[in-house]
Amino acid sequence: MNRLFLTFEGPRVGEDGLPVDAFTQTLTGMQDAMRLMVEHLGGRRPGPGQPPRWVREQSRIQLTAVRPGSLVAELAMPPPDGQLHLEDHTFQAFTAICNWDGSRDSTLPAAVTDRLYDIASALPGGVRLWLGNAETVRKTEVTRPPSAARSTVQREEALLYGWLKEVNWHKGTAQLHDYSGSYVRLRFGNEYAQNMLRLATQYVEIRGRGSFSQGGDWTTIGVEEITAARSLGEPLDVEKLQNDPNPKTFDSDNLVTASEPFDVDDFVRIIHVGRDEGRKE
């Protein structure tokens, strides 16, 4: 994936073209987004002044063609013109922007999505902008969501367990399935790609952030940590338990007891009733 297409659509754009300042502002915005993505991957916090040389070199993009039609600009990564930095983030940054799905709740850093949204807000009225690639030229529309809508979406910390399935390294997506077959959509950055592939189909623990739908279900979760976990259905590994460096031991001095007396038989009966009803479903 070494080509990125910008498609401008709107009233008579194909016939009359686009104002030069709108076109140059769009290209500048894409260059800024690329630089911010490279800085994020390289662990550098953006600051005032000119970025270091390695950032400038790895965030270069160039205009290779302007195609007729609505108005399509083709951007590409230029070939390196010197010695590369030890860790070259050019391809990762370019691919991440190409794979953006247009949402604020994505694997791109907030600074990158904000800069992409700013591009759309600076376009003339009625003009729409699409990001795409060679396979899908109009892949993602770049729009700026209403401020009110952004402020009402609250991202919560998430801790989930399940089977990791449908891992797509190129898109940075996956699914976390539970015992019933339901699943939660996951999004992950390039830094988690290897672990996601290594743990694919396994039972895992996912930590991250996401939001709830109106029905109270998790929407897409942004992965911040993934580790292998033990399913409740798996047999106990005695050897692993014996070699656990931090074993959980019984401590009679820290027992949790009921504050009020209760009927044990009634408690057991309630458990059986709930289990039997679950089997009928």
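The values are calculated or read from the model by the stated rules, or taken from the named source; none is laboratory data. Here the structure is a predicted model, which means the values were calculated and not measured. Note that each Cβ is placed from the backbone with ideal geometry, even for glycine, and that neighbours are counted across all protein chains shown. When the accessible area is computed, the model is the full protein with side chains, heavy atoms only, and any ligands, DNA or RNA have been set aside. Shrake-Rupley method; radii C 1.70, N 1.55, O 1.52, S 1.80 Å.
Please give the solvent-accessible surface of GLU74 in Å², to the nearest 10, using a probe radius of 1.4 Å with every protein chain present.
Answer for GLU74: close to 20 Å² accessible.
Give me the one-decimal nm value for the distance between modelled label points at TYR179 and ARG67, 7 Å along each residue's Cα-to-Cβ direction.
Rounded to a tenth, the inter-label distance reads 5.1 nm.
State the percent of C-alpha pairs, over all pairs in the stretch 1-76, separated by a distance greater than 17 angstrom.
51
Length gain on complete extension for the stretch GLN194 to ARG60, per 0.36 nm per residue less the alpha carbon to alpha carbon distance?
Between GLN194 and ARG60, full extension yields an extra 45.6 nm.
Between THR136 and ASN2, what's the calculated FRET efficiency when r is the beta-carbon distance and R0 is 22 Å? Round to 0.05.
E(calc), rounded to 0.05, equals 0.90.
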